[in-house]
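See below for the structure under consideration.
FYI, it's all coordinate maths here, none of it is from the lab. Bear in mind that the values here come from a model prediction, so they are computed numbers and not experimental data. No Cβ is skipped: glycine too gets one built from the backbone with ideal geometry, and neighbour counts run over all protein chains shown.
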Amino acid sequence: MALFTVALALAPVVCIAQTGEVAVSAPGREPPPVTPRVLLEFEPPTEIKARDLPNDDGTSILITWRRSPSMPEDVRYTVYFSDGAAGPYKPLPFDFRPIGLDESIMADNLQYFRYRRAYRDYQFIIIDLTAFDAVAAGTHERQAKYDWGQLYFKLGVTTDSAVRLFDPVLHAEPVTQWFDWSKFNNLLMATVFMVVILFFIETARRRKFYIRRIAGLDAVDEAIGRATEMGRPIFYLCGLDPMTTVSTIAATNLLGHVAKHVANYESQIKVPCFDPIVMSVCQETVREAYYEAGRPDAYNSDNVFFITNDQFSYVAAVNGMMVRERPAANFFFGFYYAESLLLGEVGQSTGAIQIAGTDSNVQIPFFITSCDYVLIGEELYAASAYISREPKLLGSVKASDMAKAVIIVVLLLGLVFSVALLIAALNDGGNALGWLGEKMEYFMQLFNEHI
Amino acid sequence: MMFLRRQLPVVIAFVLGMFTLVIFYIPAAPMQGIGDRLKIFVTIIGAFAMLLGINSILGQHITKIRKRRPGYGYSWVLILGFVAMMIAWIPWWSAPPEGSAAYYPWGGLENPQGAFYWMFFWILVPMQATMFSILAFFIASAAYRSFRAKTLEATVLLVAAVIVMLGRVPLGTSMTSWLPDAGFWSSLRLETMTSWLLNIPNAAGFRGIVLGVALGIIATSVRIIFGVEKTYMGGGD
């Protein structure tokens, strides 16, 4: 204790705190007269290690430790660095938020760690080494001022005023990974699902599949017929997302079928677009549909046009056209945001028959209140197959149904596991199910993370 | 010609689709770098496509003016607005004063004295806000139509909606604040019922939709990558 007091008095920045440990004052502040007792009066964390961060591009390292059960709540873990093993150790040169006792638990992170019950007692910190380069360059451009191979770290605990650093000195070389093993289950599921889809597409060539009735798609013909009888146009909107989203692709797929029907009925379709690329695709789709229907002369490229890619300006323009032209039918397919109700309500007020289809789950209720028929979620993706009755497309819809069956089984399994774990926990303060319970917990962890 | 129109797009869709799929599993910087560059291509194509969009909208309105179609005066408003905003954005006398990164006497949102700034914040933004605010009235009319208790389902919807609406405002929660905080009776407090409705039946329904959507997206992607679905190229399947 005497040695400690003398050290504090002689060295304003660095002082020997305990055997093998160093206490330093926080940067930019006057050293505290006495290192806070709160930093000294608990057992230090153990098993402090550094290693390469798994499943990354070779730019980060990972520091893990077994947490100290006696650490007070107002103390947080931090990391100091040095460009040589001997020190001196300084705070990280970029923003770093120290972590508390219950944060960054290894058992809660399945991306970098396998699930083990024991990992509930371990914590981790990820150090992004590119942040050193960004600081060195003063920008986000990479400039090797810090040599990653010479960076050493120490884990510490901190309050607002002081830091206590622990041995050992930590060092790890980041390694570039060519496969992200945390996505292995994803790859497995995706591969199996793709094989199932291709199997059903192949089977569909030989066998007829039953597909349940979708009222909204059955009403498409009715809507087009109504427009023909009334001599009014049909409005078809592909949503507000760009061509890179699958819901917009599904909407343009459906547009091909609708346009073909429109051409057959000798009616008129107008497609106001939110995105110029979507406009180009829609022009081509409608033109081909008219050609296929044997009515190339009836195609008018001016009917597929761009308005703007500003959300409310687009709505104002489309609503204005609805009010002026009084379309007999409005189709809203694709992804929508807050404008869904504005479009739906104005269309409804003009007396048009309205069919909507979106995978934007928060907008579905708005379409349900304002439209006559709504394709909910996946029905939008099945619409093209449903209307064309093309066996190959129906096969993929069947495959989705099979995947849903698997998901239902997984959900039931999750329910059973959840109840079993709950009962076991009630009977025994911990968990009486042993290694099986650990596996069930892992399953539930995955389940909670991804569903 | 047929190869360019039919086979080549399918080949491009397959190669780029599979490549994008594969690099999702590869964290190494070289592969992610290629992926990032592909995204830049999309942005570049989008920028060029904007010219097509401008051509489309201006062409429409110029035709309307030329043929004196009803309401052609509004087409003048559009064209004048388009030209005014474009000119105002141009950095006139663009030499920046000492010490400043850029100086646009007319253009740019950085200059509060500029014409572009004025038009953007005092014309465009209020008009956008006006459109958005109409939503409040449409929500009321849509709610009125939906909540008329004509059927059992509509009645359930009405009751649930009333509970959720009351449970989200202080006046509503104060109505049941006399009930105890814990125990059986606490579950009858409006905010507790609201949380239950939102977190259990509502969340279950949403998750069901989301799962279906996810599978639908994968199925559609596979159909496009493997060339089973070709409607997006125009024409039949």
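Would you mind checking the tilt of helix B:8-23 against the longest principal axis of the Cα atoms of chain B, expressed as 0 to 90 degrees and rounded to 10? So the inclination is approximately 60 degrees.
Exposed loop positions in chain A were taken to be trypsin sites (Lys or Arg not before Pro) whose DSSP state is not H, G, I, E or B and which have at most 14 other beta-carbon atoms within 10 angstrom. Between these positions, the longest stretch is A:214-388.
Figure legend: label point modelled 7 angstrom from the Cα of residue B:32 along Cα→Cβ; residues of the range A:177-192 with amide N under 20 Å from it are A:177-187.
The phi-based Karplus calculation (6.51 cos²θ - 1.76 cosθ + 1.60; θ = phi - 60°) puts the 3J(HN,Hα) values of the range A:91-102 at x, 4, x, 10, 4, 9, 8, x, 10, x, 4, 9 Hz, whole numbers, x for Gly and Pro.
Express the relative contact order of chain A as a whole percentage, based on alpha carbon pairs under 8 Å and six or more residues apart in sequence.
It comes to 13 percent, rounded to a whole number.
When the listed pairs B:39/B:64; A:392/A:439; A:392/B:150; A:208/B:230; A:90/A:183 are checked against a 31 Å cut-off, the alpha-carbon distance exceeds it for B:39/B:64; A:392/A:439; A:392/B:150; A:90/A:183.
If you take all other residues with their beta carbon under 14 Å from the beta carbon of residue B:42, and give Lys and Arg +1 and Asp and Glu -1, the sum is -1.
Hey, what's the per residue convex hull volume over the C-alpha atoms of the range A:209-389, in cubic angstrom? Don't jump to the answer; show the numbers that get you there.
Details: hull volume 18.4 nm³, N = 181.
Hull volume over Cα atoms, normalised by residue count, gives 102 Å³.
Around residue A:219, what is the net charge, scoring Lys/Arg as +1 and Asp/Glu as -1 over all other residues with Cβ under 14 Å from its Cβ?
Working: positive: A:213, A:226; negative: A:218, A:221, A:222, A:372, A:379.
Summing Lys/Arg as +1 and Asp/Glu as -1 gives -3.
Apply the membrane-span-like helix rule to chain A: whole DSSP H runs, Cα extent along the own long axis of at least 18 Å, mean Kyte-Doolittle hydropathy at least 0.5. List the helices found.
Numbers: long enough: A:184-204 (30 Å, 1.89); A:215-230 (22 Å, 0.10); A:246-265 (29 Å, 0.53); A:276-292 (24 Å, -0.05); A:311-325 (21 Å, 0.35); A:391-427 (54 Å, 1.75); A:434-450 (24 Å, -0.62).
Those that pass (Cα extent of 18 Å or more, hydropathy at least 0.5) are A:184-204, A:246-265, A:391-427.
Against the main long axis of the alpha-carbon atoms of chain B, helix B:152-167 sits at an angle near 90°.
Among the GluC sites (Glu not before Pro) within the range A:258-317, those in coil by DSSP and having at most 12 neighbouring Cβ atoms inside 10 Å are A:266. Of the chymotrypsin sites (Phe, Trp or Tyr not before Pro) in the range B:20-68, the ones in a loop by DSSP (not H, G, I, E or B) with at most 16 other beta carbons within 10 Å are B:24.
Report the calculated FRET efficiency for residue B:124 and residue A:427 (r = Cβ-Cβ distance, R0 = 45 Å), to the nearest 0.05. If you can, show how the numbers build up before the last one.
Working: r = 65 Å, r/R0 = 1.44.
FRET efficiency, residue B:124 to residue A:427: 0.10.
Counting Cα-Cα pairs of the range B:1-66 in 5 Å increments starting at 0 gives whole-percent bin shares of 4, 14, 13, 14, 15, 14, 10, 8, 5, 3, 1, 0.
State the Kirkwood hydrodynamic radius of the range A:76-194 in Å, one decimal place, computed from all pairs of distinct Cα atoms.
Details: mean 1/r = 0.0598 Å⁻¹.
Over the range A:76-194, the inverse of the mean reciprocal pair distance is 16.7 Å.
Reported value for the range A:360-451: 133 Å³ per residue, from the convex hull of its C-alpha atoms. Remark: the range B:205-221, residue by residue, has Karplus-estimated 3J(HN,Hα) of x, 4, 5, x, 5, 5, 4, x, 4, 4, 5, x, 5, 5, 4, 5, 4 Hz, where x stands for each Gly or Pro and the curve is 6.51 cos²θ - 1.76 cosθ + 1.60 at θ = phi - 60°.
Amide H contacts of residue A:53: A:60, A:61, A:62, A:175, each under 5 Å away and 5 or more positions distant or on a separate chain (H built 1.01 Å from N in the peptide plane; Pro and chain starts excluded).
Taking every alpha-carbon pair under 8 Å whose residues sit at least 6 apart, the range B:147-237 reaches a relative contact order of 16 percent. Other residues whose C-beta falls under 15 angstrom from the C-beta of residue A:310 contribute a net charge of -3, scoring Lys and Arg +1 and Asp and Glu -1.
Amide H contacts under 5 Å for residue A:329: A:235, A:353, restricted to partners 5 or more places along the chain or on a different chain, H placed in the peptide plane at 1.01 Å from N.
Shown is the FRET efficiency for residue B:2 and residue A:148, computed with R0 = 60 Å from the Cβ-Cβ distance and rounded to the nearest 0.05: 0.65.
Over the C-alpha trace of the protein assembly as shown, radius of gyration and Dmax come out as 31.3, 101 angstrom.
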